[in-house]
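Presented below is the structure to which this report refers.
The values are calculated or read from the model by the stated rules, or taken from the named source; none is laboratory data. Here the structure is a predicted model, which means the values were calculated and not measured. Every residue, glycine as well, gets a Cβ built from its backbone with ideal geometry; the counts of neighbours run over all protein chains shown. Surface areas here come from the heavy atoms of the whole protein model, side chains and all, with no ligands, DNA or RNA. Shrake-Rupley method; radii C 1.70, N 1.55, O 1.52, S 1.80 Å.
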Amino acid sequence: MRPARLLTSQILRAFRLLPRLAGSTNDGRFCNCRICYSSPLSSSKRSGVVIRAMSGESGPQGLPIDLRGKRAFIAGVADDNGYGWAIAKALAAAGAEILVGTWVPALNIFETSLRRGKFDESRKLSDGSLMEIVKVYPLDAVYDCPEDVPEDVKANKRYAGSSNWTVKEVAESVKNDFGSIDILVHSLANGPEVTKPLLETSRRGYLAALSASSYSFVSLLQHFLPIMNPGGASISLTYIASERTIPGYGGGMSSAKAALESDTRVLAFEAGRKGKIRVNTISAGPLGSRAAKAIGFIEKMIEYSYVNAPLQKELLAGIQISLFYLNVEQHFFIIFIQMHS
């Protein structure tokens, strides 16, 4: 076992309490646990903001997890600087086979960049090899089945040339291609009116945020659960605006994250009982990804988070913890936990 940094040892010490703090108890109750870490604050000055989530798969900080023989589907990977990519890379480093779902309008650019080697530097694992994405599926998680797709979307040139991209169709395609999966990652969200205060958000914009950012997780799990192997795991990404006021994070997105967390508690019970699948959500903190830049002031959010964090580290711990939860063999007892890192 490789030596671990202080943060990792703190996480592991805290996780020794999880069998009685988080998960299913004999009477069917679930606990919502938060684990806090503290250390002396260092200088609050930074040279820049983080725009890429690090996977934590290289160096001594990586958790010793073996996912060889496991297959993961990560929904919401469209470039190499978001959480979806970082989680995929961490899972690949642990030995998992990687499948990704990419938003249809971004599919061509993503596949072209991947094919031309533009992501090769980001694909590098600790052993020098490159992360292999076995297959990229077109996906628009706003639509459950072909009958849900409006005519204007079908006619949109950004969707031309792609087929079988609704949630139901993608799940069927994965089943036909690979039979089953062990891990499902929900790493997508969208709020068309995210820059508007809630008081100025339209009903249409509000419901669109909930549809793309929270119900999409319900739909993914609903359609993928039948092809998930018992003992598997699913995880989504939330944000602390679900429970605290974050001015500027508007358009119904705070409500969407609150709904996502509430749904996670219910899904943890239902998917656990129905398919022996664990369901978790994690808030890894603000990241200056391409999608997050739509907010308009993500750099300030990152700076504030960094300056006020007990442990002033880059966005690494969140990916480590995600990988910990997705370790389908060793941590079967973790049924639900919501963590802010």
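Structural remarks
- Within the stretch 92-130, the residues that satisfy the criterion of being within 18 Å of the chain's Cα centre (by Cα) and part of a loop (DSSP other than H, G, I, E, B) are 94, 96.
- Count - residues of the stretch 196-210 that are in a helix (DSSP H, G or I) and open to solvent by 40 Å² or more (accessible area, probe 1.4 Å): 8
- Note on the stretch 142-179: residues that are buried (at least 17 other Cβ atoms within 10 Å of the Cβ) and closer than 16 Å to residue 227 by Cα amount to 7.
- Residue match in the stretch 262-276 (condition: closer than 24 Å to residue 106 by Cβ and not in a loop (DSSP other than H, G, I, E, B)): no
- Test: residue in the stretch 215-224 that is in a strand (DSSP E or B), touching a Leu at 6+ places or on another chain (Cβ under 8 Å) and under 20 Å from residue 104 (Cβ atoms): no
- For the residues 184, 114, 125, the requirement of being open to solvent by less than 50 Å² (accessible area, probe 1.4 Å) and touching a Phe, Trp or Tyr at 6+ places or on another chain (Cβ under 6 Å) singles out 184.
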